[in-house]
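Trainee: Let me give you the structure first, and then I'll get to my questions.
Read-outs throughout are calculated quantities, based only on the coordinates presented, and are distinct from any laboratory measurement. None of the values given here were measured: they were computed from a predicted structure. Here the Cβ positions follow ideal geometry from the backbone for every residue, glycine too, while neighbour counts run over all protein chains shown.
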Amino acid sequence: MEGISRPIKRFDFDDKMSGTALYCADVTLDGMLYAKTLRSVKARAAILSITVPPLPEGYWIVDANDIPGKNVVPIVSEDQPFFAKGAVKYIGEPILLVVGPDKQTVVDLLERIRVAYEEVRPVLSIAEAEQVRENFIFGDTPYFFAYEYAKGDLSEAAGRAVRVFEDEFETGYQEQAYLETQGIIAVYENGRVTVSGAMQCPYYIRDALIQALGWPEERVRVVQLPTGGGFGGKEEYPSLPAVHAALAAVKTGRPVQLVFDRQEDILCTTKRHPAVIRLRSHVDGNNRIIGREIDIAIDAGAYAGLSGVVLQRMMFAANGVYDVPHLKVRGKAYATNNVVSGAMRGFGGPQAAFAVEMHMENIARALRLDSFAFRQRHFLHTGDTSSTGGLFLHDIKLDEIAAEIDRISGYRNKRTVPRPKGKGKIRGIGCAFFFHGCGFTGSGEESLIKTRVRLRKCPGNTVHIFVSNTEIGQGVLTTLRKIVAQALDVPVETVKQTYPDTDDCPNSGPTVASRTIMIVGKVLLDAALDMKKRWHEKEFEIVRAYEYPGNLRWDNARFQGNAYPEYSWGANVVEVDMDPATCEVTVTGVWAVYDIGTPIDKTIVRGQIEGGIAQGLAYACMEVLTSENGMLRQTNLADYTLPTSLDFPRIEYRLIENPFSDGPFGARGVGELTLIGAAPALALAVQQAVGRGVTRLPVTPESILEMMDRDD
Amino acid sequence: MIDITFGLNGETITITTHPLRRLLDVLRDDLRLTGTKEGCGEGECGACAVLLDGRLVNSCLVPAIHLEGRSVMTIEGYRKTERFSVLSEAFARTGSVQCGFCTPGMVMAAEALLRDNPHPTEEEVREGLSGNLCRCTGYSMIVEAILLAAREGEGLWSMPSDR
Ligand code: FES
Ligand code: FES
């Protein structure tokens, strides 16, 4: 492996280890006020009146009337208000803030505010949304987004097929459950507002502030503080508390801190989308899948948010790592009065991978074929086209990945060993193959984000990196320095980088979509190479923008071409024991193989792998999050159970050598990939143990019991 | 409001507070010791873990009145010890810190574990950390760090402790 892969001590290590890193809630400023949010307790209602008790001196209410600009979150569809006005669409929707110097008094005041609602019949699930014909939540359709795309000629394939297989799968919510809840501090000083706190995307927040305040960008500054995890949950959501706190700071003239408590955080922030995925595959006389129809429905919740982009990713991933020449893929993101769904690590990928991997297995079983070999026979290869018809330009090493996962896990051998009968635990083993597109859809990195980075050479031969990418635990303050240091051939300690600040960091895009290393890292590498040529100069700057590679193409209107600049690939095997008496599932073994190109720091990559797999396994079998009448039923960490150190065994993993020529030192994306394959691998293991088809995530003892009672 | 006298990181202090005020708030809000984190406020996450008379407790569940005459160790005190240095080295080498929000609590849990059991097995380490949630790492690296610290810090935890 390259020298760059050699682990170094993280630059953010000492502060975090010693407890001196100051997260949002750790900061106290002179004269700082505390804010709490009054939230809707109705899933759908008109607000008739709001009665506020008399406020003691120094206490304030901040609501929609305090918004000088537009009361609309600037995101794909502009439908979501910063503060509800006149109506609410989900439980947890923000209505107003109470702000004041004493936390307890703020809470007491909040509890004494009375809101008179007139309830409207809510839409509470995908199934209900499909039936809606009037009183739409959004525009004049029951959905926010409806897309479709095709490849080849499905009807021709259907005509040739000798067998057809159909499956339907369902997945539930997942909560990001970053350990630090949402938190923002806003300061208003000299006509400028500065917002700092927990976030993934400083420029999303900046744009939200500009829109809400109606101010020019010079009057707005956003600074990231050490952030206790994100996983997508601090992608688009923090724009709400950021604007709220900023409005409060402007109104009161004092610094305002807005930190969520855990219940509030679970109740009202974005979640992974629940999905229903139907697949129908047409198989020819040679047991080859020649055509496939895929239908996807996701619960977007009350506002459009990022659901369109999540839906696209799910649709582009829904055919998995397989070459199926004729495809038709449709998707709808339904509007409901549930909590708003949004970004979470994987961004539609985990649902898609679960559905297609279960479906592949089911087809192989029905055809009495070895499912491992069946899937191998359908693997994508270099030179094939993706489901959107984009040519795969770079080496696809799925065959090596398959061989390696089988070698380290003994999957095929274990899979065929007969299940022990009678008393005792029943073993099952499952294997999943998967991929993840790195970076923004299509040419978005150039056309939407306009990624730019800045490097400064300072006297004394230090180099400063200026990017907007945030350190959320994934190691960006270390890995980007390593890339620049290696390119310049200077000691990594001489390269400086701080938490991003929009005052001096250009917009290098959000910290999402497994893009930071592959996209931003590459632009930084190029900037560093430019810098190297002028190294004899004492002090200067290099600014570079991302350029869309000339060998890629994307038609966003028809979803045709290279859906992503590049992909990372992987396989997971999960082994379980199922207790037939209690239906409890214990994970007894986890194996993983990835092709992420060159790892930029093997230890940081290990962290991404082990953390991502744990989240994926828990998504599959622990993290139950359900909505009843628009109210989430699990609103604390006792009911929403996260994995502990006891839940999963050690993971054995390998990386395939396959440097990516367009990535920095050969690197591709890693952050999301690692979450994606764990759920299907686990579900397939349970399916083998139980001997019945798993159709729903998460699998729980209750759902297994139901499966056992079903006679199929 | 009552006066409470207790040991904090090796010093004796007296505070005037409400008897039911959470130790977590005493530390973070009243004494500005913010190394101890709040992740849930309900005893589920361990981010607020500190040592109370050498035992691991979730400070969000400890009312101030329970502190009288007892001694509290937080990350601010613990980070000055040699044991912390050994743990820090091990956490760094294994990549046990990502977002860092669970870290101070994890460190206190590690200390509680090792002072009880200087030579733990992997299962014992996993058991000892089971009250501390980490969303980033998947735990194995932290488990490895503690096993490593137990080896590298040979003798440090078997000596009579400094409580
Ligand atoms: S904050 Fe005390 S256990 Fe979570
Ligand atoms: S390092 Fe983020 S929660 Fe443990």
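Trainee: Length gain on complete extension for the stretch residue A:168 to residue A:141, per 0.36 nm per residue less the alpha carbon to alpha carbon distance?
Mentor: Numbers: separation 27, 0.36 × 27 = 9.72 nm, distance 2.40 nm.
Here the segment from residue A:168 to residue A:141 would lengthen by 7.3 nm.
Trainee: Counting other C-beta atoms within 10 Å, which of A:354, A:260 has the fewest, and how do the rest follow?
Mentor: Least crowded to most crowded, the residues run A:260, A:354.
Trainee: In addition: With label points built 7 Å along Cα→Cβ from the Cα atoms of residue A:534 and residue A:496, find their separation and express it in nm.
Mentor: 1.9 nm
Trainee: Quote the FRET efficiency, to the nearest 0.05, computed for residue A:548 versus residue A:373 with a Förster distance R0 of 45 Å and r equal to the Cβ-Cβ distance.
Mentor: My answer for the efficiency is 0.70.
Trainee: Just in region A:75-177: which chymotrypsin sites (Phe, Trp or Tyr not before Pro) are loop by DSSP and have at most 16 other Cβ atoms within 10 Å?
Mentor: Passing sites in region A:75-177 are A:136.
Trainee: For a quick protection proxy, order the peptides A:368-375, A:687-694 by their average other-Cβ count within 10 Å, most packed first.
Mentor: A:687-694, A:368-375
Trainee: For A:133, A:10, which order do you get if you count the other beta carbons within 10 Å of each Cβ and list the fewest first?
Mentor: If I rank by nearby Cβ atoms, fewest first, I get A:133, A:10.
Trainee: Quick query: amide H of residue B:47 versus all other amide H atoms, modeled in the peptide plane; which residues come in under 5 Å with a sequence gap of 5 or more or a different chain?
Mentor: B:39, B:133
Trainee: Something else about it: When the convex hull of the Cα atoms of region A:619-712 is projected onto a plane and the area is averaged over all directions, what value comes out in nm²?
Mentor: With the hull built on Cα positions only, its mean projection is 9.9 nm².
Trainee: Stretched out fully, how many nm does the piece from residue A:628 to residue A:217 gain, at 0.36 nm a residue minus the Cα gap?
Mentor: Stretched out fully, the residue A:628 to residue A:217 stretch lengthens by 143.8 nm.
Trainee: Please get the size of the charge dipole for region A:1-146, origin at its Cα centre, with Cβ charges of +1 on Lys and Arg and -1 on Asp and Glu, quoted in debye to the nearest 20.
Mentor: Rounded to the nearest 20 debye, it is 200 debye.
Trainee: Tell me the angle of helix B:103-116 to the major Cα principal axis of chain B, expressed in degrees between 0 and 90 and rounded to the nearest ten.
Mentor: Tilt relative to chain B: about 80 degrees.
Trainee: Post the alpha-carbon centroid distance, region A:626-674 to region A:525-540, in whole angstrom.
Mentor: So the separation of the two Cα centres works out to 37 Å.
Trainee: Let me ask something else about it. Under DSSP H, which helices of chain A have Cα atoms covering 20 Å or more of the helix axis and a Kyte-Doolittle average no less than -0.5? Walk me through the intermediate numbers first.
Mentor: Numbers: long enough: A:349-366 (25 Å, 0.03); A:602-621 (28 Å, 0.34).
Correct list, ordered by number: A:349-366, A:602-621.
Trainee: Right, here's the next one. How large is ³J(HN,Hα) for each residue in region A:503-518, as worked out from phi by the Karplus curve 6.51 cos²θ - 1.76 cosθ + 1.60 (θ = phi - 60°), to whole Hz, x for Gly and Pro?
Mentor: 5, 10, 10, x, 7, 9, x, x, 9, 8, 6, 6, 9, 5, 5, 5
Trainee: Hey, another quick one. Considering only DSSP beta bridges whose two residues both sit in chain B, what percent are antiparallel, to the nearest 5?
Mentor: The answer is about 90 percent antiparallel.
Trainee: Then there is this: What share of Cα pairs, in percent, lie more than 15 angstrom apart in region A:344-386?
Mentor: Here the tail beyond 15 Å accounts for 54 percent of pairs.
Trainee: As a test of understanding, state the convex hull volume per residue of region A:1-125 from its alpha carbons, in Å³.
Mentor: Normalising the Cα hull of region A:1-125 by residue number yields 228 Å³.
Trainee: I've got another one for you. Run the numbers on chain A and let me know its relative contact order in percent, using alpha-carbon pairs under 8 Å that are six or more apart.
Mentor: Taking the mean separation of contacting Cα pairs over the length of chain A, I get 16 percent.
Trainee: If you don't mind, there's one more thing I want to ask. Using 12 Å as the cut-off for backbone N distance, which residues of region A:19-44 belong to the label zone defined by a point 7 Å from the Cα of residue A:105 along Cα→Cβ?
Mentor: A:33-34
Trainee: How large is the Rg to Rh ratio of region A:535-619 when both quantities use alpha carbon positions and Rh follows Kirkwood? Walk me through the numbers on the way to the answer.
Mentor: Numbers: Rg = 21.6 Å, Rh = 17.9 Å.
Rounded to two decimals, Rg over Rh is 1.20.
Trainee: Also, I was wondering about something else. Provide the descending list of Cα extents for region A:322-443 along its principal axes, expressed in whole angstroms.
Mentor: Each principal axis gives a Cα extent; for region A:322-443 these are 52, 43, 27 Å.
Trainee: Taking the convex hull of the Cα atoms, report for region A:370-519 its projected area averaged over all directions, in nm².
Mentor: 14.2 nm²
Trainee: Can you give the convex hull volume of the alpha carbon atoms of chain B per residue, in Å³?
Mentor: 95 Å³
Trainee: Where in region A:467-500 does the amide nitrogen come within less than 18 Å of the point 7 Å from the Cα of residue A:6, taken along Cα to Cβ?
Mentor: It comes to A:478-495, nothing else.
Trainee: Separate question: For residue A:365 paired with residue A:393, estimate the spin-label separation in nm (one decimal), with each label point 7 Å from Cα along the Cα-to-Cβ line.
Mentor: Spacing of the two 7 Å Cα→Cβ label points: 4.1 nm.
Trainee: Moving on. Tell me, what does the Kirkwood hydrodynamic radius of region A:463-532 come to in angstroms if you use every pair of distinct C-alpha atoms?
Mentor: In region A:463-532 this quantity evaluates to 12.0 Å.
Trainee: Give the separation of the Cα centroids, region A:247-308 to region A:1-75, in Å.
Mentor: A separation of 21 Å, based on Cα centres.
Trainee: Another question, if that's okay. Can you list the HN-Hα couplings for region A:545-553, worked out from phi with the Karplus curve (6.51, -1.76, 1.60; θ = phi - 60°), rounded to whole Hz and with x for Gly and Pro?
Mentor: 10, 6, 10, 5, x, x, 8, 10, 8
Trainee: Can I ask one more? Given N residues in region A:155-311, what is its alpha carbon radius of gyration divided by 2.2 N^0.38 Å?
Mentor: Against the empirical 2.2 N^0.38 Å value, I get 1.50 for region A:155-311.
Trainee: May I pose another question? Can you tell me the equivalent ellipsoid semi-axes for region A:505-649? Use √(5λ) from the Cα gyration tensor, largest first, whole Å.
Mentor: Rounded to whole Å, the semi-axes are 42, 20, 18.
Trainee: Across every pair of different alpha-carbon atoms, what Kirkwood hydrodynamic radius in Å does region A:248-354 reach?
Mentor: Taking the inverse mean of 1/r over all distinct Cα pairs, region A:248-354 comes out at 16.0 Å.
Trainee: Scan around residue B:71 for amide H atoms under 5 Å from its own, H built in the peptide plane at 1.01 Å from N, and keep only partners 5 or more places away or cross-chain.
Mentor: Sorted by chain and number, the residues that satisfy this are B:7, B:53.
Trainee: Next question. Provide A:13, A:231 in ascending order of the number of other Cβ atoms located within 10 Å of each residue's Cβ, fewest first. Could you put the intermediate results ahead of the total?
Mentor: Numbers: A:13 21, A:231 29.
Placing the least packed residue first, the sequence is A:13, A:231.
Trainee: Pick from B:108, B:141, B:73: which residue has the top mean-square fluctuation in a GNM of chain B where Cα pairs under 10 Å get a spring?
Mentor: B:141
Trainee: Normalised by the residues of region A:304-425, what does the relative contact order come to in percent, with Cα pairs under 8 Å and at least six apart?
Mentor: Normalised by residue count, the contact order of region A:304-425 is 25 percent.
Trainee: Kirkwood hydrodynamic radius, computed over distinct alpha-carbon pairs, for region B:1-65: how many Å, to one decimal?
Mentor: Across region B:1-65, the inverse of the average 1/r is 11.9 Å.
Trainee: List the residues, sorted by chain then number, that are 5 or more residues from residue A:384 or on another chain and whose placed amide H is less than 5 Å from its amide H.
Mentor: A:392
Trainee: Do any GluC sites (Glu not before Pro) in region A:1-105 lie in a DSSP loop with no more than 10 other beta carbon atoms within 10 Å, and if so, which?
Mentor: For GluC sites (Glu not before Pro) across region A:1-105 that sit outside H, G, I, E and B with at most 10 neighbouring Cβ atoms in 10 Å, the list reads A:57.
Trainee: If you don't mind, another one. Could you go through region A:223-238 in sequence order and give the Karplus-derived ³J(HN,Hα) for each residue, using 6.51 cos²θ - 1.76 cosθ + 1.60 with θ = phi - 60°, rounded to whole Hz, and x for Gly and Pro?
Mentor: 10, 7, 9, x, 10, x, x, x, 6, x, x, 10, 7, 8, 4, x
Trainee: Specify, per residue and in Å³, the volume enclosed by the convex hull of the alpha carbon atoms belonging to chain A.
Mentor: So the per-residue hull volume is 157 Å³.
Trainee: Please give the average number of partner chain Cβ atoms lying within 10 Å of the Cβ of each residue in A:466-472, rounded to a whole number.
Mentor: 1
Trainee: Something else about it: Return the subset of A:234/A:496; A:89/A:450; A:151/A:332 for which the Cα-Cα distance in this structure is over 22 Å, preserving the input order.
Mentor: A:234/A:496; A:89/A:450
Trainee: Ignore the peptide's own chain and count Cβ atoms of other chains within 10 Å of each Cβ in A:227-237; give me the average, rounded. Mind showing how you got there, number by number?
Mentor: Values: counts 3, 11, 9, 3, 3, 0, 0, 0, 0, 0, 0.
Average neighbour count from other chains, rounded to a whole number: 3.
Trainee: Where does helix B:140-152 land angle-wise versus the long Cα axis of chain B, in degrees 0 to 90, nearest 10?
Mentor: 80 degrees
Trainee: Considering only DSSP beta bridges where both residues belong to the protein assembly as shown, give the percentage that are antiparallel (nearest 5).
Mentor: Expressed as a percentage, antiparallel bridges in the protein assembly as shown total about 80.
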